[in-house]
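The values are calculated or read from the model by the stated rules, or taken from the named source; none is laboratory data. No experiment lies behind these values; they were computed from the predicted model shown. Cβ sites come from the backbone with ideal geometry, for glycine too, and all protein chains shown count toward neighbours.
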Amino acid sequence: MTFNKVVLSWEAAYGTAYQIQVSSDNSTWSTVYTRSGGSGGLETLNFASTTARYVRMYGTARATQWGYSLWAFEVYDTGTVISPTITASAGAGGSISPSGSVSVASGASRSFTITPATGYSIASVLVDGPTWAPSAPTPSATSLRPTPSRPASPPQAERPRESPALPT
């Protein structure tokens, strides 16, 4: 999990000094935030984005004799916006539009139009590694929603629409 914000909702027994620590194995801990002068109540702690499986509050000084007591311990990712880039190109036997580097907002889809040159038909389309080949050219548009094979791949990108084969 990747996150960069922790919200602590303290009871009367709060920490005046503490650390937010993270770990990938629940054995080795790293400090991502250090707080001194804590005042209890609701405390929102922002820090550099980090990736870990475990997160804890490690108390170093308490406000009362009763230890540390939390109503809630919330962990957030404030959301890094990812805009994948699709690089679209066609060989000498046709064109694709838009072509070149096309930025796509996270979670959005983008359509591309493939047009074969005179005397050519579409034999296959390469999308994020795997090749898609139509079983037979048809006059209707078809749609492919590939499953991304790498984390950097655009999510659920639409395959370019197929143009009908032109007579040779």
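Summary of values
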read-out	value
Subset of the range 40-88 (residues that are in contact with a strand residue (DSSP E or B) (Cβ under 7 Å, 6 or more places away or on another chain) and under 30 Å from I114 (Cα atoms))	S83, T85, I86, T87, A88
Some residue of the range 81-96 being free of Cβ contacts under 8 Å to residues at least 12 places away in the same chain, in a loop (DSSP other than H, G, I, E, B), assigned by TED's automatic domain parsing to the domain that holds V125 and exposed (fewer than 15 other Cβ atoms within 10 Å of the Cβ)	yes
Scope the range 53-67; condition in contact (Cβ under 8 Å) with a residue 24 or more places away in the chain and farther than 17 Å from V7 by Cα; matching residues	R53, T60, A61, R62, A63, T64, W66, G67
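Residue-wise test of (1) part of a strand (DSSP E or B); (2) modelled with pLDDT of 80 or more; (3) in the same structural domain as N26 (by TED's automatic domain parsing).
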position	(1), (2), (3)
A61	yes, yes, yes
G67	no, yes, yes
R110	no, no, no
I114	yes, yes, no
S135	no, no, no
T138	no, no, no
